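Trainee: This structure is in structure tokens; I'll ask about it shortly.
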Amino acid sequence: MIAQTLAALLLDRAQDDRPGLMFEGAVWSWREHVARCRAAGAWLSGRGTGLHVGVLGENVPEMLFLLGGAALGGHVLVALNPTRSIDELIRDARATDVDLLLWDAPFADVARPVAEALGLESMALSTVPADGEGRPAPSAPGDLVMLIFTSGTSGRPRAVRITQRKLALPGLSLAALLTPEDVVYCSMPLFHSGALMAAYAPAVASGAALAVRRRFSASGLLPDVRRHGCTYLHYVGKALSYVLATPERPDDADNPLRIAFGNEGSAVATRRFGERFGCRVIDAFGSTETAISFTPDPGGPPGSLGRLGEGVRILDPLTGHACPPARIEDGRLLNPDEAVGELVNTSGPGLFEGYYNDPDADAERIRDGAFWSGDLAYADPGGHVFFAGRGTERLRVDGENLAVAPVEAALREFGGVVEAAVYPVPDAAAGDQVMAALIMEGAFDAEAFTAFLAGRTDLGIKSLPRYIRISREFPLTPSHKVIKRILVKEAWRTGDPVWWRSPTGFRPLTGVDVKAIEEEFVRHGRHHLLES
């Protein structure tokens with residue numbers, strides 16, 4: 001029988017003397033790694049039974065030793081996001097019943113007030129002993145081993161229940177891409193599900209070595225890949241775009257990388273990354289809840305997530321009825337109003353095992369036995385699925401519903417664009433206008449951009465951005481997802497340069513223009529939208 005617990009996968013590595021973990025020049029064999037996990041588990045068990053251990057840290061080995069210790073000792077690791085404020089962390093730790101708080105050195109000043117507010121004992125991660133022998137506690141696939149918060153891109157983060165099975169099964173599935181001779185590169189944050197399920201767990205399941213970087217660096221990725229001999233890397237969100245923005249060299253493809261696996265990479269970025277670095281890029285669909293998954297189809301159309309699987313449907317969130325297939329002409333979606341709907345697993349929640357002590361959030365996702373993802377998509381007549389944005393990323397322009405993902409994909413084709421984010425801003429009369437924030441390699445050429453849009457057959461007139469913001473960087477979650485609610489709130493009232501579309505093309509937005517826009521909102525009785 002295939003092991004369906006993280007504990008069993010770790011114990012399978014207990015006699016393995018091949019390299020298991022690499023970090024900043026140090027190497028632990030898998031045997032040593034498992035021994036450190038057992039020592040951490042024994043130490044936790046000496047302090048109590050079934051502890052909820054909050055951790056604030058970067059990607060350091062102690063995080064993985066504690067995770068293994070929780071899996072082997074029957075404890076729960078609470079992966080706290082160190083980029084959140086102290087007040088937010090206090091709420092997160094209280095909501096997840098944290099008993100003990102451990103911290104990595106950079107976050108000592110954050111951890112102490114959190115611990116004091118909740119009356120918790122806290123200490124440095126480095127104090128967890130490296131030696132100690134504990135007998136592994138019995139484990140079952142459904143046993144809770146972690147609590148991981150969602151990214152919070154569109155609302156408050158929620159603590160997802162991560163069981164032994166929820167880590168083991170993705171690890172076993174992705175291990176099919178690896179051999180014990182491979183090296184997995186992990187620079188995405190270990191307090192996020194992607195790094196654990198698509199980098200750490202596959203390495204444990206396959207016996208491949210895991211090379212961990214303290215934090216992501218676009219310029220450091222290729223040197224790391226070469227230094228450690230990495231053959232597989234995991235990414236999330238915009239990471240590939242930022243790597244592509246580094247200076248190109250003629251020997252970029254001279255590296256050991258075979259596979260880059262992740263999700264939310266744009267079609268442009270995944271294609272260019274594969275070509276530049278000589279590897280296969282597999283961009284899958286994923287979320288912390290892991291209730292819906294797709295198998296990428298190499299023969300499918302560009303940008304497709306894969307085909308609709310058994311039980312997965314695209315439904316109208318208002319009526320619950322199935323959305324009809326998309327009509328696509330020259331790459332342009334002709335029927336977004338009827339084709340774009342919510343991705344739903346009608347057969348059940350998949351690997352989603354609920355949020356922790358949050359029945360209202362559970363009820364929002366599980367309705368009539370089906371899992372409603374909150375993600376928008378559409379499918380062509382062949383069943384190939386295209387991501388259309390989060391549930392909060394739908395615009396309504398002149399009475400027509402628009403999805404942001406196709407517009408973003410088109411804008412990324414403009415020369416010099418490193419990354420694009422599209423979002424709604426209010427229209428003075430009714431509905432929304434389209435705004436886009438661009439990160440550029442060089443200067444923004446408004447005339448060339450106007451000509452570029454004029455030649456895009458895949459963008460209808462209502463999809464064309466009214467405002468263009470030129471940004472140095474986007475507000476991001478630690479997993480490199482754009483926090484669009486911040487961009488929406490700032491709209492055109494930002495210190496970044498903003499261009500707006502006039503009948504003759506794009507021109508800089510001036511203070512006089514802003515005053516005229518605001519007066520128009522007042523005339524239409526919608527000035528309150530500028531204050532929210």
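Trainee: Only loop residues by DSSP count here, and only those with at most 16 other Cβ atoms within 10 Å; note down the trypsin sites (Lys or Arg not before Pro) in the stretch 1-107 that meet that.
Mentor: On the way: sites: 13, 31, 36, 38, 47, 84, 91, 94; in loops: 13, 47, 84.
When the trypsin sites (Lys or Arg not before Pro) of the stretch 1-107 are filtered for loop state and at most 16 Cβ neighbours within 10 Å, 47 remain.
Trainee: Oh, and also: Short version: ³J(HN,Hα) in whole Hz for each residue of the stretch 184-201, in order, from phi by Karplus 6.51 cos²θ - 1.76 cosθ + 1.60 (θ = phi - 60°), x for Gly and Pro, what are they?
Mentor: 3J(HN,Hα) across the stretch 184-201, in whole Hz: 9, 9, 10, 10, 6, x, 6, 8, 10, 5, x, 4, 6, 7, 10, 10, 4, 4.
Trainee: Testing the spin-label approximation: label points 7 Å from Cα along Cα→Cβ at residue 329 and residue 458. State their distance in nm.
Mentor: Here the answer is 1.7 nm between the modelled labels.
Trainee: For the stretch 42-51, just list the computed ³J(HN,Hα) in residue order, Karplus coefficients 6.51, -1.76 and 1.60, θ = phi - 60°, integers in Hz, with x standing in for Gly and Pro.
Mentor: 5, 5, 5, 5, x, 9, x, 10, x, 5
Trainee: Please report Rg (one decimal) and Dmax (integer) in Å for the Cα set of the stretch 283-390.
Mentor: 13.9, 48
Trainee: Near the amide H of residue 509, under 5 Å away, which other amide H atoms are found, from residues 5 or more places off or on another chain, if H is placed in the peptide plane?
Mentor: 498, 499, 500
Trainee: From the phi of every residue in the stretch 466-476, what ³J(HN,Hα) in whole Hz does the Karplus formula 6.51 cos²θ - 1.76 cosθ + 1.60 yield, where θ is phi - 60° and glycine or proline is x?
Mentor: Karplus values, whole Hz, x for Gly and Pro: 7, 10, 10, 9, 9, 10, 7, 7, 9, x, 10.
Trainee: For residue 427, which sequence-distant residues (separation of 5 or more, or a different chain) have an amide H within less than 5 Å of its own amide H, given hydrogens modelled in the peptide plane?
Mentor: Excluding prolines and chain starts, which carry no amide H, the hits are 432, 433.
Trainee: Fully extended, how many nm does the chain gain between residue 446 and residue 121 (0.36 nm per residue separation, minus their Cα-Cα distance)? Don't skip to the end; give the middle numbers.
Mentor: Values: separation 325, 0.36 × 325 = 117.00 nm, distance 5.68 nm.
Value of the extension gain: 111.3 nm.
Trainee: Which trypsin sites (Lys or Arg not before Pro) in the stretch 216-280 sit in a loop by DSSP (not H, G, I, E or B) and have at most 11 other Cβ atoms within 10 Å of their own Cβ? Kindly include the intermediate steps, with their values, before the conclusion.
Mentor: Working: sites: 226, 227, 238, 258, 271, 272, 276, 280; in loops: 238, 258.
Taking the stretch 216-280 and a limit of 11 other Cβ atoms within 10 Å, no loop trypsin sites (Lys or Arg not before Pro) are found.
Trainee: Suppose only helical runs count, i.e. DSSP H with n ≥ 4. What mean residue ellipticity at 222 nm does that imply for the chain under -39500 (n - 2.57) per run, divided by all residues and rounded to the nearest 500 deg cm²/dmol? All intermediate terms of the calculation are to be shown ahead of the outcome.
Mentor: On the way: 16 runs with 147 residues, N = 532.
It comes out at -8000 deg cm²/dmol, rounded to the nearest 500.
Trainee: While we're looking at this one, here's another question. Assuming a ≥ b ≥ c are the square roots of the Cα gyration tensor eigenvalues, decide whether the stretch 395-530 counts as rounded (a/c under 1.5), prolate (otherwise, with a/b larger than b/c) or oblate.
Mentor: rounded
Trainee: Residues with amide H under 5 Å of residue 281's amide H, sequence separation 5 or more or different chain, H placed in the peptide plane at 1.01 Å from N; which?
Mentor: Result for residue 281 returns 260.
Trainee: Please express the shape of the stretch 1-96 as an equivalent ellipsoid: the semi-axes are the square roots of 5 times the eigenvalues of the C-alpha gyration tensor, given largest first in whole angstrom.
Mentor: Working: eigenvalues 133, 58, 25 Å².
Over the Cα atoms of the stretch 1-96, the semi-axes work out to 26, 17, 11 Å.
Trainee: Pairs of alpha-carbon atoms within less than 8 angstrom and 6+ residues apart define the contacts here; what relative contact order does the chain have, in percent? Before the final figure, lay out each step's value.
Mentor: Numbers: 1139 pairs, mean separation 52.3, N = 532.
Computed over the chain, the figure is 10 percent.
Trainee: Based on DSSP loop calls and a cut-off of at most 12 other Cβ atoms within 10 Å, the longest stretch of the chain free of exposed GluC sites (Glu not before Pro) is what? Numbers along the way, then the final one.
Mentor: Details: sites that count: 24, 133, 181, 248, 310, 441, 473, 531.
That gives 311-440 as the longest site-free run.
Trainee: Write down the percent of antiparallel bridges among all DSSP beta bridges whose residues are both part of the chain, to the nearest 5. Intermediate results must be reported in sequence, preceding the final value.
Mentor: On the way: 51 of 88 bridges.
Restricted to the chain, the bridges split so that about 60 percent are antiparallel.
Trainee: Still on this model: Which number comes out as Rg/Rh for the stretch 134-205 once both Rg and the Kirkwood Rh are worked out on C-alpha atoms?
Mentor: Working: Rg = 13.7 Å, Rh = 13.4 Å.
Expressed as Rg/Rh, it is 1.02.
Values quoted throughout were computed directly from the atomic coordinates according to the rules given, and no laboratory measurement underlies them. Keep in mind that what you see is a predicted model, and the values were worked out from it rather than measured. Cβ atoms come from the backbone with ideal geometry, glycine included; neighbour counts cover every protein chain shown.
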